[in-house]
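Engineer: Provided herewith is a single structure, encoded as structure tokens, for subsequent inquiry.
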Amino acid sequence: MSRLERLRFIDIRRTQGPVRRKVRSRGVPPALAAHEIFYSESVRETAALLGAALAPGHLVVDAAPPAVFAASLHGVRLRDVSLLHLDLSVTGTLDIPVLGNYYTVCLPTNGQVTYQHAGQKLEANTVCALVTSPGLPLTLHLGVDTPILIVRIEESALNALLARLLGRTLPSKIIFEPAFDLTSEAAMRWSSAVQLMHTEVYYPGSLIQRGEGIGAIEELLMSSLLHLQPSNFRHHFSDASIHSEGRVVRKALNFIETHLGDALTVADIARSVHLSKRSIQQVFHDELGVSPMAYVQRRRLERVRDELVDAMPSEGVTVAAVAHRWGFNHPGSFAVAYRRQWGESPSTTLRT
């Protein structure tokens, strides 16, 4: 089993039934071609499968028999970012009352999609994408010959990254403006980041194929979207809008990220931002709601889990080595903390 076979975004069964003539999926990116999540020629079955992969909803197609209906979804998931390709052979409307706990950037590779989302009714096409936000309704009307490339980002990961960028907990969820202009120079750079992810997934021996660089590529995609696309938090990225405590925490978090595997102490963190131990404790409590060392432990546990999830049994990775690399020197207390955080033992994560 390859690493991508282990990590890919396939958590629903392939369709079953008699052998049928398969309508060729159009424009599936090469990296996803071998990773089919489902193929179906039944509208009802397609609606159910899309509900399992994305969120429960309703699908109505415009074509009447004897028009041939077919739908396919291909996809690969890394950790918190997935690359998906959805294709319907006929025009149709997908109505999702409540989106799940993820953000998406929907990029039609041909044709056009009319959508209603976040109180707006607009059009997505090859030069203007759609950005969706969790918990909101979404209606998509897909035009003729409109395959869609979907970049899916898990809500928890984007929230955690933005909290680190701002140096404080988020007072509310991130809500993006739905229309994403792809013609600007900055958006073209974001598209290049998507292409980088595709290339890394496609080529054997790439960093992602070896289980390296996944976090860096995902963070590039997420941080680029946060900086580029207007949202209810975009004004916070201006240095002038971030109060002094927030800037101190951001600097301290950057120091922690750089030295996460070292024997960090509160005194080390305090010195990095020229504060006393008591002051840094208070700032972390006020801005993040945790102590500096509680934050350090949480980030270490996240790094350990990332490595264990990415590891392949044939590579000889051990829980003890990964834990030690991220600053856990007492196996017993590490195992207890890991189970408390993730609800399973680290060895279970490694084997799964």
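Engineer: Scan the stretch 76-89 for residues that are under 22 Å from G143 (Cα atoms) and open to solvent by less than 20 Å² (accessible area, probe 1.4 Å) and report the count.
Structural biologist: Total satisfying the criteria: 6.
Engineer: Another question about this same structure. Against the definition (among the hydrophobic types (A, V, I, L, M, F, W, C), at pLDDT 90 or above, open to solvent by less than 40 Å² (accessible area, probe 1.4 Å) and in the same structural domain as L182 (by the TED database)), how does L264 come out, yes or no?
Structural biologist: no
The rows are residues; the columns are (1) in the same structural domain as A157 (by the TED database); (2) charged (D, E, K, R); (3) crowded, with 19+ Cβ neighbours inside 10 Å; (4) within 22 Å of L161 (Cα to Cα).
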{"residue": "K251", "(1), (2), (3), (4)": "no, yes, no, yes"}
{"residue": "F255", "(1), (2), (3), (4)": "no, no, no, yes"}
{"residue": "I269", "(1), (2), (3), (4)": "no, no, yes, yes"}
{"residue": "S291", "(1), (2), (3), (4)": "no, no, no, yes"}
{"residue": "A335", "(1), (2), (3), (4)": "no, no, no, no"}
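Engineer: Turning to a different aspect of this structure: Which residue out of T146, T169 is open to solvent by less than 50 Å² (accessible area, probe 1.4 Å) and either at positive phi or assigned by the TED database to the domain that holds L59 (or both)?
Structural biologist: Details: T169 fails: open to solvent by less than 50 Å² (accessible area, probe 1.4 Å).
Of the residues listed, the single one that is open to solvent by less than 50 Å² (accessible area, probe 1.4 Å) and either at positive phi or assigned by the TED database to the domain that holds L59 (or both) is T146.
Engineer: Suppose we filter the stretch 44-69 for residues that are among the β-branched types (V, I, T) and surrounded by 16 or more Cβ atoms within 10 Å (Cβ to Cβ); how many remain? Show your work before the answer.
Structural biologist: Step one: list which residues in the stretch 44-69 are among the β-branched types (V, I, T), which gives 46, 60-61, 68.
The next check asks that each one be surrounded by 16 or more Cβ atoms within 10 Å (Cβ to Cβ); those that pass are 46, 61.
Number satisfying all stated conditions: 2.
Engineer: Taking the criterion of being touching a residue at least 60 places away in the same chain (Cβ under 8 Å), part of a loop (DSSP other than H, G, I, E, B) and buried (at least 16 other Cβ atoms within 10 Å of the Cβ), would at least one residue in the stretch 198-210 satisfy it? Explain how you work it out, then say what you get.
Structural biologist: Here is the first cut: in the stretch 198-210, the residues touching a residue at least 60 places away in the same chain (Cβ under 8 Å) are 198-199, 201-202, 208-210.
Narrowing further to those that are part of a loop (DSSP other than H, G, I, E, B): 208-210.
Going one step further and asking which of them are buried (at least 16 other Cβ atoms within 10 Å of the Cβ), we end up with 208-209.
Yes; the residues of the stretch 198-210 include at least one that is touching a residue at least 60 places away in the same chain (Cβ under 8 Å), part of a loop (DSSP other than H, G, I, E, B) and buried (at least 16 other Cβ atoms within 10 Å of the Cβ).
Engineer: Only one of these is open to solvent by 10 Å² or more (accessible area, probe 1.4 Å), under 30 Å from P204 (Cβ atoms) and among the acidic types (D, E): E36, E41. Name it.
Structural biologist: From the options E36, E41, the qualifying one is E36.
Engineer: What number of residues in the stretch 284-343 are assigned to a helix (DSSP H, G or I) and either of a type in the set (D, E, K, R) or under 23 Å from the mean Cα position of the chain (by Cα) (or both)? If you could, list the steps in order and put the result at the bottom.
Structural biologist: Here is the first cut: in the stretch 284-343, the residues assigned to a helix (DSSP H, G or I) are 284-288, 292-310, 313-315, 319-325, 331-342.
Right, trim to either of a type in the set (D, E, K, R) or under 23 Å from the mean Cα position of the chain (by Cα) (or both) and you get 286-288, 295-310, 315, 325, 338-342.
Residues in the stretch 284-343 being assigned to a helix (DSSP H, G or I) and either of a type in the set (D, E, K, R) or under 23 Å from the mean Cα position of the chain (by Cα) (or both): 26 in total.
Engineer: Another question, if that's okay. Select the strands (runs of 3 or more DSSP E) contained entirely in the stretch 32-103, then report the ones holding at least 3 residues which are touching a residue at least 60 places away in the same chain (Cβ under 8 Å). Can you show your working first?
Structural biologist: Values: elements: 36-40, 58-61, 71-77, 81-88, 92-96.
By residue number, 71-77, 81-88.
Engineer: Open to solvent by less than 20 Å² (accessible area, probe 1.4 Å), on the phi < 0 side of the Ramachandran plot, of a type in the set (G, A, S) and modelled with pLDDT of 95 or more: which single residue out of S72, S133 fits that description?
Structural biologist: S133
Engineer: With respect to A129, determine if the residue is in a strand (DSSP E or B) and under 21 Å from L221 (Cβ atoms). Show your work before the answer.
Structural biologist: On the way: in a strand (DSSP E or B): yes; under 21 Å from L221 (Cβ atoms): yes.
Yes; evaluated as a whole, the condition is true for this residue.
Engineer: I'd like to know if the stretch 298-316 contains one or more residues that are surrounded by fewer than 20 Cβ atoms within 10 Å (Cβ to Cβ) and of a type in the set (G, A, S).
Structural biologist: Yes, there is a match, as at least one residue in the stretch 298-316 is surrounded by fewer than 20 Cβ atoms within 10 Å (Cβ to Cβ) and of a type in the set (G, A, S).
Engineer: Follow-up question, since we're still on this one. Against the conditions (1) farther than 20 Å from T183 by Cβ; (2) open to solvent by 30 Å² or more (accessible area, probe 1.4 Å), where does L99 fall short? Just the number, please.
Structural biologist: Looking at each condition in turn, L99 falls short on (2).
Engineer: For residues that are surrounded by fewer than 18 Cβ atoms within 10 Å (Cβ to Cβ) and without any contact (Cβ under 8 Å) to a residue 40 or more places away in the chain, scanning just the stretch 104-124, find the one that is nearest to E177 (Cα to Cα).
Structural biologist: By that ranking, first place goes to G119.
Engineer: Within the stretch 89-113, which residues are touching a helix residue (DSSP H, G or I) at 6+ places or on another chain (Cβ under 9 Å) and either farther than 12 Å from L149 by Cα or not assigned by the TED database to the domain that holds I214 (or both)?
Structural biologist: The answer is G92, L94, I96, G100, N101, Y102, Y103.
Engineer: Would a scan of the stretch 292-308 turn up a residue that is over 16 Å from A323 (Cα atoms) and modelled with pLDDT under 90?
Structural biologist: No: the stretch 292-308 contains no residue that is over 16 Å from A323 (Cα atoms) and modelled with pLDDT under 90.
The values are calculated or read from the model by the stated rules, or taken from the named source; none is laboratory data. Worth saying up front: this structure is predicted, and the values here are computed from it rather than measured. Backbone-built Cβ (ideal geometry, glycine too); neighbour counts: all protein chains shown. These accessible areas exclude ligands, DNA and RNA; they are computed on the full protein's heavy atoms, side chains included. Shrake-Rupley method; radii C 1.70, N 1.55, O 1.52, S 1.80 Å.
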